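Let me begin by presenting the structure, written as C-alpha cells, before commenting on it.
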Amino acid sequence: MNHLLFTMPLIGLATLAAAEGPFTDHGVGAKVAECRGVVTTRTADGRNLVIANSLDLGPTGWLLVTDIDSGQSAQHFYPSEVPQSAPYGSLMSGNGRFYTAQGPVLTEFDPATAQFTYTGRPALTSCYLSFTQDLDGTIWAGGCGAIHLVSFNPTTRETKDHGVMDPGEQYLSYLATDDKGWVYCGIGTARQNIVAYDPKTGEKRQLVDEAQRALGTATVYPTADGKACGIFGGKTLRLY
C-alpha cells in the first residue's frame, strides 16, 4: 500500500510533463461536419428542400435543410435531451416527415414546420440501420447490436418493439414490406439471413436454411407488384 501511495504522485507528474512537452494543439483542422445521407422533398406550400443527416463532435446533433429555390440553408438542432450519435439509415416518408435516429433515439422531423415532432427509445438497441414504410403508412426501423424490429404509427403516435429478428446476428441492414403487411428483414454480417415477420400474428419465419447461411449480409427490397425480393449467397427469392 505504501508503494502505491508513493507512485501515484509520480504518475501525475509524468502526465503533466507530457502535456507541457514539444507538441502543440493547433485546434480543429477544418470546421466541417460529415454528411450521413441526403433526401429531397417538396412541402405542401411548394418549397423544394434538401435534408442532410450530419455528424460532428458537438454534444447535440442537427439536420441541415437547404431551400433549393432560395439557396438558403439552416441547421436544425435536435432537442437538448437527445445526445448526438452517428445516424445511419433514414427515410423521407409519404406523409412528408423525415425519419432517422440519433443512436438509439428514433426521431421524426417535419420539414414544413422545421420541428422535431417525435423522439423516443422504443427498444434496447444501439442504433438503427434501416427504415421503410408500409402501405398503411407505418414506419419500420431495424436495429443494430440487438437487432430489434420496431414500428412507429404516425397517426396514433404509437411505437412498438416487435422483438429480435435473429438472436445471433447484429445488423438488420435492410427492410421491405409487401401488400399483405409482411415485413422482410435482410440480416448479417457473420451469417446472412432473411426473416419474414407478420405484425398481425407475431409470426417469424427464417427463409434461409442454416446450411446456406454464409458470411455476408442478405438484402431485401420491395417490387412494383406489391411483393418483395430477397438476395443471399447469389440466390434470389421472391417474397410474398
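Every listed requirement among (1) loosely packed, with under 15 Cβ neighbours inside 10 Å; (2) part of a strand (DSSP E or B) is met by residue 129 save one, (1). Scanning for something touching a strand residue (DSSP E or B) at 6+ places or on another chain (Cβ under 8 Å), surrounded by 13 or more Cβ atoms within 10 Å (Cβ to Cβ), among the small types (Gly, Ala, Ser) and assigned to a loop (DSSP other than H, G, I, E, B), does the range 61-78 turn up at least one residue? Checking the range 61-78: at least one residue is touching a strand residue (DSSP E or B) at 6+ places or on another chain (Cβ under 8 Å), surrounded by 13 or more Cβ atoms within 10 Å (Cβ to Cβ), among the small types (Gly, Ala, Ser) and assigned to a loop (DSSP other than H, G, I, E, B).
Summed over the range 162-182, residues that are touching a Gly at 6+ places or on another chain (Cβ under 9 Å) and either of a type outside the set (Gly, Ala, Ser) or open to solvent by less than 10 Å² (accessible area, probe 1.4 Å) (or both) total 13. Pairing each residue of the range 132-145 that is farther than 14 Å from residue 182 by Cα with any residue that is open to solvent by 30 Å² or more (accessible area, probe 1.4 Å) and among the aliphatic types (A, V, I, L, M), provided the two are 6+ apart or on different chains, yields C-beta distances under 7 Å for 142/129; 144/129. Since residue 136 meets every condition but one in (1) open to solvent by 10 Å² or more (accessible area, probe 1.4 Å); (2) touching a Pro at 6+ places or on another chain (Cβ under 7 Å), which condition does it not meet? Here residue 136 meets the rest and fails (2). Close Cβ contacts (under 8 Å, 6 or more residues apart or on different chains) running from residues in the range 29-46 that are open to solvent by 60 Å² or more (accessible area, probe 1.4 Å) to residues that are polar (S, T, N, Q) comprise 34/54; 35/53; 35/54; 38/53; 40/48; 42/48.
I'm trying to understand the selection: among the residues of the range 221-238, which are surrounded by 13 or more Cβ atoms within 10 Å (Cβ to Cβ), out of contact with any Ser or Thr (no Cβ under 9 Å at 6 or more places or on another chain) and under 24 Å from residue 139 (Cβ atoms)? Within the range 221-238, 221, 223, 227 qualify.
The values are calculated or read from the model by the stated rules, or taken from the named source; none is laboratory data. Since the model is a prediction, treat every value here as computed from it, not as a measurement. As a convention, Cβ positions derive from the backbone with ideal geometry for all residues, glycine included, and neighbour counts pool all protein chains shown. Protein only, heavy atoms only, side chains kept; ligands, DNA and RNA dropped before computing areas. Shrake-Rupley method; radii C 1.70, N 1.55, O 1.52, S 1.80 Å.
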